[in-house]
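Values quoted throughout were computed directly from the atomic coordinates according to the rules given, and no laboratory measurement underlies them. On a predicted model such as this, the values are computed, not experimentally measured, just so you know. With ideal geometry, Cβ positions are generated from the backbone for all residues, glycine too; neighbour counts draw on all protein chains shown.
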Amino acid sequence: MTSARGGAVAAETDRANIARLYREHLSAGRAVLGTVLGGMLETASEGSWVHAEDGRRYLDFGGYGVFILGHRHPAVTEAVHRQVDTHPLATRVFLEPVAARAAEALAARTPPGLDRVHFVNSGTEATEAGLKLARVHGHTALVSMVRGYHGKTLGALSATANPTYQQPFRPLLPDTEVVPYGDTEALAATLTRLGRRACVIVEPVQGEGGVRIPPPGYLAEVGRLCRTHGAFLIVDEIQTGLGRLGTWWGMDTERVSPDVLLVGKGLSGGVVPVAAMVATEDAYRPFSRDPYLHTSTFAASPIACAAALAAVRTLDREDVVGRARTLGLRLLHGVRAACIPYTGGLVHDVRGRGLLIGLEFTAEQAVGELVLELAGRGILVNHSLNASRVLRLTPPAVVGEEELRLFLTVLAEALHAVAARLD
């Protein structure tokens, strides 16, 4: 008993010390948020689980869409270990084979015509590369969608239509417009006015926007309008791509042919951050002709590309995309069933595609309460940055039967507890 108490005291002391370090050297706000969530320190992970320093483990149905393969998938971690042991970073003087093979593997899985791969370190950097590529072709008028999310660096932030994040950093890119998501008439009117100056950026499903699913045919019509008016089209699949929606790409169902595809999150295999801008031959020509026009010291590093190569191969070999589709349907059905007693009251809507599911509540407070309630019961989920009333589920495709049943049981219990408090 004394040993147990001593261990608990040591854990609390360690948590307090880490919170202090966050306040003094990282982010005071992040320290407060961590404390509200219990002050837990995550120290290990595997599969669908994250472990805290006190021995507790948490089922990860969050992760902001990164862990489609779960945490530390053996094939990805082995590839990364092997690369670390041989050549983790390149001089960038010679040609580097791992980047070449990763580019080939990714291009083999992108829609036809998207063959030129530009590796970067994060999703927002992929957005920046895409916007710069559009501008070098003369497409200087940026058109994004209401509640769209594309990152927070200055260029990407110009396309992320949320005044909360934009206002402190204005002025952003000039000549930027926002149109309603899913509204092709509004987009048509905008493109008629802007013509070929326009660069349109769109998500197949808005993740941070609250898992907003557009009407059938929307993406196809966006593509047609861009072709008609000579606009440059960027499809952002940083969150939706690589199986998250139960297809390799969210745009697969509508056969869209963009100039640029943005890839990220799942490309990391859940091990090493990596993202990519993938372009057509014509679109990529300025970057291909001058390899120094847009560069980054750590982009296409061997260690990151080893993770990307292993991730793409694993997605293919283990039919993770099919698994995400099947599991997603079951999860959506189960979540809807759990929410039935609260529909029309606490719960406004439940929607999703594949393993991207959103629970929209009638009040913002319910999201925070449910996040805390689930965390206290050993389940991690996410809120939505551009939709404060939507709780988001992005579980790994490796979730097993027992884990799925556990989640649905705990969700029902947590919903009951939150409804009782807010009634």
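Which of these, V32, V205, V146, has the largest mean-square fluctuation under a Gaussian network model of the chain (Cα springs below 10 Å)?
Its mean-square fluctuation being the largest, the pick is V32.
As a test, work out the antiparallel percent of DSSP beta bridges whose residues both lie in the chain, rounded to the nearest 5.
65 percent
Residue separation times 0.36 nm, minus the C-alpha to C-alpha distance between L26 and R196: what's the value? If you can, show how the numbers build up before the last one.
On the way: separation 170, 0.36 × 170 = 61.20 nm, distance 4.36 nm.
Separation in residues times 0.36 nm, less the Cα-Cα distance, equals 56.8 nm.
Run the dipole for the range 74-317 about the Cα centre, Lys and Arg Cβ at +1, Asp and Glu Cβ at -1, nothing else charged, and hand back the magnitude in debye, nearest 20. Before the final figure, lay out each step's value.
Details: 23 positive and 23 negative charges, 41 e Å.
It comes to approximately 200 debye.
E254 to D115: FRET efficiency via 1/(1 + (r/R0)^6), r the Cβ-Cβ distance, R0 25 Å, to the nearest 0.05?
After rounding, the FRET efficiency stands at 0.80.
Calculate for the chain the 222 nm mean residue ellipticity that helices alone would give, adding -39,500 (n - 2.57) per DSSP H run of length 4 or more and normalising by residue count, nearest 500 deg cm²/dmol.
-14000 deg cm²/dmol
In a shell of Cβ-Cβ distance under 13 Å around R289, excluding R289 itself, what net charge do Lys and Arg (+1) and Asp and Glu (-1) give?
Once all neighbours under 13 Å are counted, the net charge is -1.
What residues have an amide H closer than 5 Å to that of S45, excluding those fewer than 5 places away on the same chain, when H is modeled at 1.01 Å from N in the peptide plane?
Under 5 Å from the amide H of S45 lie the amide H atoms of H51, each far enough along the sequence or on another chain.
Using a Gaussian network for the chain with springs between C-alpha atoms less than 10 Å apart, which of these wobbles most: G358, G334, G207?
Taking springs between Cα atoms under 10 Å, the residue moving most is G334.
For the range 135-266, count all C-alpha to C-alpha pairs, find those more than 18 Å apart, and express that count as a whole percent of the total.
Counting every Cα pair in the range 135-266, those more than 18 Å apart make up 50 percent.
Please give the helix 74-86 orientation as an angle from the longest Cα principal axis of the chain, in degrees from 0 to 90, rounded to the nearest 10.
Taking Cα atoms only, the helix is inclined about 70 degrees.
On full extension of the chain, what length is gained from T326 through F94, given 0.36 nm per residue of separation minus the C-alpha to C-alpha distance?
Difference between extended and current length: 79.1 nm.
How many angstrom separate the Cα center of the range 242-303 from the Cα center of the range 164-182?
Using only Cα atoms to place each centre, the spacing works out to 23 Å.
Starting from the Cα of D423, step 7 Å toward the Cβ, then list every residue of the range 382-416 with an amide N under 17 Å from that point.
In the range 382-416, the label zone of D423 (backbone N under 17 Å from the point 7 Å along Cα→Cβ) covers 412-416.
Want the number for D316 to H87: 0.36 nm per residue separation, take away the alpha-carbon distance, what's left?
So the extension gain works out to 79.9 nm.
Give me the net charge for the shell around A397: Cβ to Cβ below 10 angstrom, other residues only, Lys and Arg +1, Asp and Glu -1. Before the final figure, lay out each step's value.
Details: positive: R244, R323, R325; negative: E318, D319.
Net local charge, A397 excluded: +1.
What's the FRET efficiency of T153 with E185 using the Cβ-Cβ distance as r and R₀ = 30 Å, to the nearest 0.05? Please report the intermediate quantities before stating the final value.
Working: r = 31 Å, r/R0 = 1.04.
That gives a FRET efficiency of 0.45.
Taking the Cα centre of the chain as origin and charging only Cβ (+1 Lys, Arg; -1 Asp, Glu), how large is the dipole, in debye to the nearest 20?
400 debye
For a footprinting-style exposure proxy, rank S158, S296 by other Cβ within 10 Å, fewest first.
Going from least to most buried by this count: S296, S158.
How large is ³J(HN,Hα) for each residue in the range 253-269, as worked out from phi by the Karplus curve 6.51 cos²θ - 1.76 cosθ + 1.60 (θ = phi - 60°), to whole Hz, x for Gly and Pro?
5, 10, 6, 7, 10, x, 6, 9, 10, 9, 10, x, 6, x, 4, 6, x
Using every alpha carbon pair in the range 255-404, what percent of pairs falls into each 10 Å bin from 0 up to the bin containing the largest distance?
Spelled out per bin, shortest first, that is 9, 28, 30, 21, 10, 2.
How big is the Rg/Rh ratio for the range 54-148, C-alpha atoms only, Rh by Kirkwood, two decimals?
Value, to two decimals: 1.04.
For the range 11-75, with only Lys/Arg (+1) and Asp/Glu (-1) charged at the beta-carbon, what is the dipole magnitude about the Cα centre, in debye rounded to 20?
Taking the Cα centre of the range 11-75 as origin, the dipole is about 140 debye.
Rounded to whole Å and sorted largest first, list the principal axis extents of the Cα atoms in the range 74-317.
Between the extreme Cα coordinates on each principal axis of the range 74-317 lie 55, 36, 35 Å.
[x] 5, 21, 30, 27, 14, 3, 1, 0; [y] 5, 23, 32, 23, 10, 4, 2, 1, 0, 0; [z] 4, 18, 28, 27, 16, 5, 1, 0, 0: which one is P(r) over Cα pairs in 10 Å bins from 0, in percent as calculated from this entry?
[x]
For a quick check: sort S45, S268, S388 by the number of other beta carbons within 10 angstrom, fewest at the front.
Neighbour counts put them in this order, fewest first: S388, S45, S268.
Would you look at the GNM of the chain, springs on alpha carbons closer than 10 Å, and say which of F94, F169, F61 moves the most?
Top of the fluctuation ranking is F94.
HN-Hα J couplings of the range 134-151 from phi, Karplus 6.51/-1.76/1.60, θ = phi - 60°, integer Hz, Gly and Pro as x?
For the range 134-151, the Karplus curve yields 4, 5, 5, 8, x, 8, 9, 9, 8, 10, 10, 10, 4, 6, x, 9, 9, x Hz.
List every residue whose amide H lies under 5 Å from the amide H of V146, counting only residues 5 or more places away in sequence or on a different chain, with H placed 1.01 Å from N in the peptide plane.
V179, Y181
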